[in-house]
Amino acid sequence: MYFNGFYHEFYQYNLNGPIFGDIVWGHSVSTDLVNWIGLEPALVRDTPSDIDGCWTGSVTILPGGKPVIIYTGGDKDQHQAQNIAFPKNRSDPYLREWIKAANNPVLRPDEPGMNSIEFRDPTTGWIGPDGLWRMAVGGELNGYSAALLYKSEDFLNWTKVDHPLYSHNGSNMWECPDFFAVLPGNNAGLDLSAAIPQGAKHALKMSVDSVDKYMIGVYDLQRDAFVPDNVVDDRRLWLRIDYGTFYASKSFFDSNKNRRIIWGWSRETDSPSDDLEKGWAGLHTIPRTIWLADDGKQLLQWPVEEIESLRTNEISHQGIELNKGDLFEIKEVDAFQADVEIGFELASIDDADPFDPSWLLDPEKHCGEAGASVPGGIGPFGLVILASDNMDEHTEVYFRVYKSEEKYMVLMCSDLRRSSLRPDLEKPAYGGFFEFDLEKERKISLRTLIDRSAVESFGGGGRVCITSRVYPAVLADVGRAHIYAFNNGSATVRVPQLSAWTMRKAQVNVEKGWSAI
């Protein structure tokens, strides 16, 4: 949340080491979303209703500027319930101490058909036209996955609405639901408790199948229910926030700059022994502004502008032409900490290979089968990053362009299969498709942020985002790495503009010497 001049981030944290369990609410504050001060935990597991852990929840700012936390706690039998906490001293700019409500837990899964161990992760609250607070909680109801809907007059006493905000009969338990309003083509954020402008849509996001998915639709105030624009039964075809190692994302309305910001958790994909040696595990992605595309069909994301404050030593190139097999090295930037923006302009779109709609069911498989070294009509073209001198280790982030009957489809891949010589790592080929009006735009943008083991890529102006975790030996040995632009497709690709920066290291939770989030 943003409150009284500070951004507050709360996160699940194990004080005792880089292993799962003993979960409390870590707490960090920032004035710029880049540099963070680590504080004492906001919530620890010290009551019967949260002794098994202070799990995911949300913060809502009540009228009069009073923040309130609502979070999931587990009891000794791992039954889940929702709990509330208020700041002890609102005049403390850091809001260091929080007091749990005397009537915790305020919400139990007592209704018929509810699963008591699948009831968690309450959303930020919002006010409906009747003046009542609402929130959604992830749950399992009669075997269905659901965003369960609750109402309250005072945020302390809650009543379950007789129907979910939305439910689905073909997926696992929905973790970390998020619900917010968006305006097509407008990157300004909306406060869900304020008057929602005409033409606004709503997004319902859920964490399921180890990824974050979402639907676009409308919030029917008469029915108090979310209605998707398109109901897709096969959840493999649901839209995704990120196509890589990214989960449990949470958005908030930033009243400071009138935008909606989202970020997620990226788990380690090396071994548990590696985590023990490092002393930490898991990180949060760079905060992203999130908004709805002009056509109202999908969300777009872009790193918050404050990240650019870390840029230094800009390298710029214009008018590069990449023919089949070309490699263009981007020199004089720190390849381990870099921000690279590049636009690819297609000389011709006539050579696009035909598109097979079945690929949409498993784009990762298609990225693996049609790797960056396999020539196509248009593409693969993109970046080779974290590359060793002899290319034994490298990660590829690239595009392929396909022509369907009525439109062009762009496949974006982040291929980690040769990212490291180290054994015991997950090294998949991530991928996602997006539609693109190539006849109108002709240029496909790619921005990649490299922060040692973390690689975040944004394709097509944020239409597809892929977060990857890579652990090349060249990084561990503090060796020299390379970045290249490449094209292995038959058609020539032009690069009218390429910019790259070395990124300074942010100050993250260093005040107390604690490890990064």
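Considering segment 267-294, and only residues there that are farther than 23 Å from GLY189 by Cβ and polar (S, T, N, Q), the residue that is surrounded by the most Cβ atoms within 10 Å (Cβ to Cβ) turns out to be THR269.
When restricted to residues that are surrounded by 15 or more Cβ atoms within 10 Å (Cβ to Cβ) and in a strand (DSSP E or B), segment 321-356 contains 14. For segment 256-281, the set of residues classified as closer than 18 Å to PHE10 by Cβ and assigned to a strand (DSSP E or B) consists of ARG260, ILE261, ILE262, TRP263, GLY264, TRP265, SER266, listed by residue number. Whenever a residue of segment 431-448 is assigned to a loop (DSSP other than H, G, I, E, B), its partners that are of a type in the set (A, V, I, L, M, F, W, C), lying with C-beta atoms within less than 6 angstrom and at least six residues away or across chains, give the pairs ARG442/LEU346. Filtering segment 19-53 to residues that are more than 16 Å from ARG96 (Cβ to Cβ) and open to solvent by less than 30 Å² (accessible area, probe 1.4 Å) leaves GLY21, ILE23, LEU33, VAL34, SER49, ASP50, GLY53.
Entry remark, segment 230-252: residues being more than 15 Å from the chain's Cα centre (by Cα) and in contact (Cβ under 8 Å) with a residue 60 or more places away in the chain number 5 in total. For the residues GLY199, GLY185, the requirement of being at pLDDT below 95, closer than 17 Å to GLY462 by Cβ, small (Gly, Ala, Ser) and surrounded by fewer than 21 Cβ atoms within 10 Å (Cβ to Cβ) singles out GLY185. The residues of segment 222-262 that are open to solvent by 40 Å² or more (accessible area, probe 1.4 Å) and closer than 17 Å to LEU183 by Cβ, listed by number, are ASP229, PHE253, SER255, LYS257, ASN258.
Counting the residues of segment 110-119 that are outside any strand (DSSP E or B) and buried (at least 16 other Cβ atoms within 10 Å of the Cβ) gives 0. Considering only segment 384-406, state which residues are surrounded by fewer than 23 Cβ atoms within 10 Å (Cβ to Cβ) and farther than 20 Å from LEU425 by Cα. Correct list: ASP389, ASN390, TYR402, LYS403, SER404, GLU405, GLU406.
Only residues that are surrounded by fewer than 18 Cβ atoms within 10 Å (Cβ to Cβ) and part of a strand (DSSP E or B) were counted in segment 458-483, giving 0. Are any of the residues in segment 120-127 part of a strand (DSSP E or B), more than 16 Å from THR56 (Cβ to Cβ) and open to solvent by less than 50 Å² (accessible area, probe 1.4 Å)? Looking through segment 120-127, at least one residue is part of a strand (DSSP E or B), more than 16 Å from THR56 (Cβ to Cβ) and open to solvent by less than 50 Å² (accessible area, probe 1.4 Å).
For beta carbons closer than 6 Å, sequence separation of 6+ or different chains, a first residue in segment 29-56 that is under 13 Å from PRO105 (Cα atoms) and among the β-branched types (Val, Ile, Thr) and a second that is in a loop (DSSP other than H, G, I, E, B) and open to solvent by 10 Å² or more (accessible area, probe 1.4 Å), the qualifying pairs are ILE51/ARG45; ILE51/LYS76.
The values are calculated or read from the model by the stated rules, or taken from the named source; none is laboratory data. Please read all numbers here as calculations on a predicted model, not as lab measurements. With ideal geometry, Cβ positions are generated from the backbone for all residues, glycine too; neighbour counts draw on all protein chains shown. Just so you know, the surface numbers come from the protein's heavy atoms only, side chains and all, with ligands and any DNA or RNA stripped out. Shrake-Rupley method; radii C 1.70, N 1.55, O 1.52, S 1.80 Å.
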